[in-house]
Amino acid sequence: MSLHYSLVAPPAPLSSPLADETLIQACLFDAQPQAMLWSSFQSLVVPRSYVRFTAFQHASQTMKAEGWPVYVRQSGGGVVPQLPGILNLSLCWADYGRPLDLSNLAYEHLCSVIQRSLHRQGVAAETTAVEGSFCDGRYNLAVKSTDGTYAKIAGTAQHWVNARSAPWYQNSARRAGDPTDWHIVLAHALLFIESDLVMGTEQANKLELLLGSQKRYDDAKVLSLSDLGLNAYQFEQDLNHILLTSFPPAGHHPVL
């Protein structure tokens, strides 16, 4: 049995940068794959590893006073800015296995949904690291210029949660002798539609400086899709259509 995504409306036109974490609870309840397209108010988002910085509280207070509150997300990666013109895509589903075995497939699925939508507008995006971009990773989406260099147009991250608290878990319990288990995955993409990425990169660098980190980012390594002629409205419509006719790459489905 394959379950298609159910599109979930965001809680507000401009939501918390952690708004998509509500999808995890919904998926734990009924194992229905969830998808959300949403935008956040202006902020900076960091992984839990950043809390270890001695200067984290002071840096967060300073950034908040300047209009850039700092939020801690559950997924990995690095610091990312949320600002106007950024579209977030979050997918959530249940699967049986070990996250380390399934994470690449989850990333590939998330990226393929976006790539299919971009292709409809003539934008060819590849998955690749883009050194110097904020929150760099192997599963960035990037476009290649005529000189062979890449500019990042989207970043991705994911977070896995054990599903033992789910009401359906006992019906789909761990198999005898199997070291794997049921999990919920939240896969997230940050899409630069029409954003002031110079300002976003500047604020990410400011936070790193306040933390005493040596990391610095280059705004020449990121690119808004509007610079490629993307029609934002049509792109979002295409994403909605593709999601409604897609199902996640789960190898197993819970017994409800």
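The values are calculated or read from the model by the stated rules, or taken from the named source; none is laboratory data. Nothing here was measured: the structure is a model prediction, and the numbers come from that model. Counting neighbours? That spans all protein chains shown, and the Cβs are built from the backbone with ideal geometry, glycine included.
Selection over region 202-239 of residues that are surrounded by 13 or more Cβ atoms within 10 Å (Cβ to Cβ) and either more than 30 Å from PHE53 (Cα to Cα) or at pLDDT below 95 (or both) gives a count of 13. Is it the case that THR156 is at pLDDT 95 or above, surrounded by 22 or more Cβ atoms within 10 Å (Cβ to Cβ) and either in contact with a Leu (Cβ under 6 Å, 6 or more places away or on another chain) or of a type in the set (Ser, Thr, Tyr) (or both)? Yes. Each residue in region 62-74 was checked for being within 17 Å of CYS135 (Cα to Cα), touching a residue at least 60 places away in the same chain (Cβ under 8 Å) and among the β-branched types (Val, Ile, Thr), and 1 of them qualify. The number of residues in region 72-114 that are more than 18 Å from SER16 (Cα to Cα) and either of a type in the set (S, T, N, Q) or outside any loop (DSSP other than H, G, I, E, B) (or both) comes to 21.
Does SER246 satisfy the condition of being in a helix (DSSP H, G or I), small (Gly, Ala, Ser), surrounded by fewer than 20 Cβ atoms within 10 Å (Cβ to Cβ) and out of contact with any Pro (no Cβ under 6 Å at 6 or more places or on another chain)? Taking the combined requirement at face value, the residue does not satisfy it. The set of residues in region 104-122 being surrounded by fewer than 16 Cβ atoms within 10 Å (Cβ to Cβ) and of a type in the set (Gly, Ala, Ser) consists of SER112, GLY122. The sole residue among ALA12, ALA59 that is closer than 30 Å to ASN205 by Cβ and in contact (Cβ under 8 Å) with a residue 12 or more places away in the chain is ALA59. Checking each residue of region 181-198 against the condition of being out of contact with any Cys (no Cβ under 9 Å at 6 or more places or on another chain), at pLDDT 95 or above and assigned to a helix (DSSP H, G or I) gives at least one match.
State whether one or more residues within region 59-66 are touching a Ser or Thr at 6+ places or on another chain (Cβ under 9 Å) and either closer than 30 Å to SER165 by Cα or not in a helix (DSSP H, G or I) (or both). Within region 59-66, not a single residue is touching a Ser or Thr at 6+ places or on another chain (Cβ under 9 Å) and either closer than 30 Å to SER165 by Cα or not in a helix (DSSP H, G or I) (or both).
Of GLN34, GLN42, all but one fail to be more than 16 Å from GLY77 (Cβ to Cβ), buried (at least 20 other Cβ atoms within 10 Å of the Cβ) and polar (S, T, N, Q); the exception is GLN34. If you go through region 168-198 and keep only what is in contact (Cβ under 8 Å) with a residue 40 or more places away in the chain, loosely packed, with under 12 Cβ neighbours inside 10 Å and more than 25 Å from GLU108 (Cβ to Cβ), you end up with just ASN171. Taken together, GLU194, GLU208 contain a single residue that is charged (D, E, K, R) and touching a Lys or Arg at 6+ places or on another chain (Cβ under 8 Å), which is GLU208. Restricting region 123-140 to residues that are touching a helix residue (DSSP H, G or I) at 6+ places or on another chain (Cβ under 6 Å) and not polar (S, T, N, Q) leaves a set whose member that is surrounded by the fewest Cβ atoms within 10 Å (Cβ to Cβ) is GLY132. One residue stands out in region 115-135 among those that are touching a residue at least 40 places away in the same chain (Cβ under 8 Å) and in a helix (DSSP H, G or I): the one that is nearest to ILE193 (Cα to Cα), namely LEU118. Cβ-Cβ contacts under 6 Å between residues 6 or more apart (or on different chains), taken from a first residue in region 136-155 that is on the phi < 0 side of the Ramachandran plot to a second residue that is of a type in the set (S, T, N, Q) and part of a strand (DSSP E or B), are listed as TYR139/THR127; TYR139/THR156. Checking each residue in region 202-233 for being in a helix (DSSP H, G or I) and basic (Lys, Arg) picks out LYS206, LYS221. For region 161-172, residues that are among the small types (Gly, Ala, Ser) and over 10 Å from TYR96 (Cα atoms) total 2.
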